[in-house]
1. Mind listing whichever residues of segment 94-127 are closer than 17 Å to Val13 by Cβ, among the hydroxyl-bearing types (Ser, Thr, Tyr) and assigned to a strand (DSSP E or B)?
2. Looking at Ser134, Ser235, which one is in contact with a strand residue (DSSP E or B) (Cβ under 8 Å, 6 or more places away or on another chain) and within 26 Å of Arg336 (Cβ to Cβ)?
3. Filter segment 227-260 down to the residues that are within 26 Å of Leu331 (Cβ to Cβ) and assigned to a helix (DSSP H, G or I) and list them by number.
4. Does segment 162-191 hold any residues that are of a type in the set (D, E, K, R) and farther than 20 Å from Arg250 by Cβ, and which are they?
5. Check Ala91, Ala46 and return the single one that is modelled with pLDDT under 95 and either more than 26 Å from Val217 (Cα to Cα) or assigned to a loop (DSSP other than H, G, I, E, B) (or both).
6. Just give me the residues in segment 205-226 being free of Cβ contacts under 8 Å to residues at least 40 places away in the same chain and not in a helix (DSSP H, G or I), in sequence order.
7. From the list Gly168, Gly174, exactly one residue is buried (at least 24 other Cβ atoms within 10 Å of the Cβ), out of contact with any strand residue (DSSP E or B) (no Cβ under 6 Å at 6 or more places or on another chain) and not acidic (Asp, Glu). Which is it?
Amino acid sequence: MSDNASERYAVAVVGAGQAGLAIGHYLSLQGRRFVILEAEDSVAAAWRTRWDSLVLFTPRRHDSLPGRDFPGDPDGYPTRDEVIAYLDGYAEALALPVQLGSAVRSLKKSGDTFQLVLDDRTVEADQVVVATGSFQRPRLPQFASDLAPDVFQIHSANYRAPADIPQGTVLVVGGGNTGYQIAREFASTHKVHLAVGGRQTPLPQRLLGRDIFWWLVTTRLLQATVESRLGKKLSTRDTLIGSSPRALKRQGVELRPRATGASERIVTFTDGSDLSVDAVIWATGFEFDHSWIEPAVKDENGAIEHRRGVTAVQGLYFLGLPWQYTRGSALLGWVRDDAEYIAEQVADVARQTVEPATEPGRTTDAAEASA
């Protein structure tokens, strides 16, 4: 676009996943001129990379973003494709100003203005919300490269279905919910082992006739903040929902301790045992990539320094981080709480400064096509 004024906003949101869309709702209610910049060619891009059979462990009644209920049986559990359809419909129904194919290469601040540098232009904003989520850069152990070239390897971010994996012995590495779900899926088609690196707290999907999230909400465990004693303890532990080592063993999955090394076709484990593998699924999580952010908001270890998403740089916020404030911060149906809070901070800063016209911003053709 050649009109520079059309590329100046009160707020720029980076990322059109659940977090970016949720705060878009609140910014719309405030009547702000804002834009949601999405690097990929669709909203909910991270969800589209998840495996085909993924089913959420949160019931639909707990999966709604603000302003629009999640459709279907409120006590049922949505599939990956249902989540994608919901987020597509959410952006369209709320007419959110999403600009697709708009990867932000760098974020700078000059005076009171943020500059977001894209491949083809620069967007200016008074305030910025980084809502790029948790699924940014797949994490692999260094010893993955020590496996022979003919051993099939794939990260869970790129895994789709067992039919895509060669026959033989499959090792799933990673003991979170992702690792357990993928290992269980392989049990009927492959000889599968699951390497679990740490201790997890298994919780049943249902307890005394009610979904576990009914209990977590009723007892307010999900409301425990990362600043509380309980929250600090919970934030250091993985919690398995609806999965357990005992159930996995009954389904034919062999459990292994942490994988520590590899050579040719052999993977070794902390107990001194080893396993010859034909394929490895790395369910080893993700790393953040905030290298494109220039304002000083990271500590010496590269972690974002913030309090409930608010940084020391006025007007710069984060949204959708794991344990940003509570266990629910990165969950579909609970991101609304942090989104509403960040929107309130945006309003407070805006009242202290002069910002562009407050009518909702127009979008480019691409954005209008996606909204």
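The values are calculated or read from the model by the stated rules, or taken from the named source; none is laboratory data. It should be emphasised that the depicted structure is a prediction, and the values quoted were computed from it without experimental measurement. Cβ atoms come from the backbone with ideal geometry, glycine included; neighbour counts cover every protein chain shown.
1. Ser106, Thr113, Thr122
2. Working: Ser235 fails: in contact with a strand residue (DSSP E or B) (Cβ under 8 Å, 6 or more places away or on another chain).
Being in contact with a strand residue (DSSP E or B) (Cβ under 8 Å, 6 or more places away or on another chain) and within 26 Å of Arg336 (Cβ to Cβ) holds for just one of Ser134, Ser235, which is Ser134.
3. Once the filter is applied, which keeps residues that are within 26 Å of Leu331 (Cβ to Cβ) and assigned to a helix (DSSP H, G or I), segment 227-260 yields Arg229, Leu230, Gly231, Lys232, Lys233, Leu234, Pro245, Arg246, Ala247, Leu248.
4. Applying the first criterion (of a type in the set (D, E, K, R)) to segment 162-191 yields 164, 184-185, 191.
Correct list: Asp164 only.
5. Working: Ala91 fails: modelled with pLDDT under 95.
Step by step, each of Ala91, Ala46 is checked, and only Ala46 is modelled with pLDDT under 95 and either more than 26 Å from Val217 (Cα to Cα) or assigned to a loop (DSSP other than H, G, I, E, B) (or both).
6. Within segment 205-226, Arg206, Leu207, Leu208, Gly209, Arg210, Thr219, Arg220 meet the criteria.
7. Details: Gly168 fails: buried (at least 24 other Cβ atoms within 10 Å of the Cβ).
Testing whether each residue is buried (at least 24 other Cβ atoms within 10 Å of the Cβ), out of contact with any strand residue (DSSP E or B) (no Cβ under 6 Å at 6 or more places or on another chain) and not acidic (Asp, Glu) leaves just Gly174.
So that you can scan it fast, the table gives a plain yes or no per residue for (1) in contact with a Leu (Cβ under 9 Å, 6 or more places away or on another chain); (2) among the aromatic types (Phe, Trp, Tyr); (3) crowded, with 21+ Cβ neighbours inside 10 Å; (4) at positive phi:
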residue	(1), (2), (3), (4)
Ile293	yes, no, yes, no
Asp299	no, no, no, no
Ile304	yes, no, no, no
Arg307	no, no, no, no
Gly320	no, no, yes, yes
Thr326	yes, no, yes, no
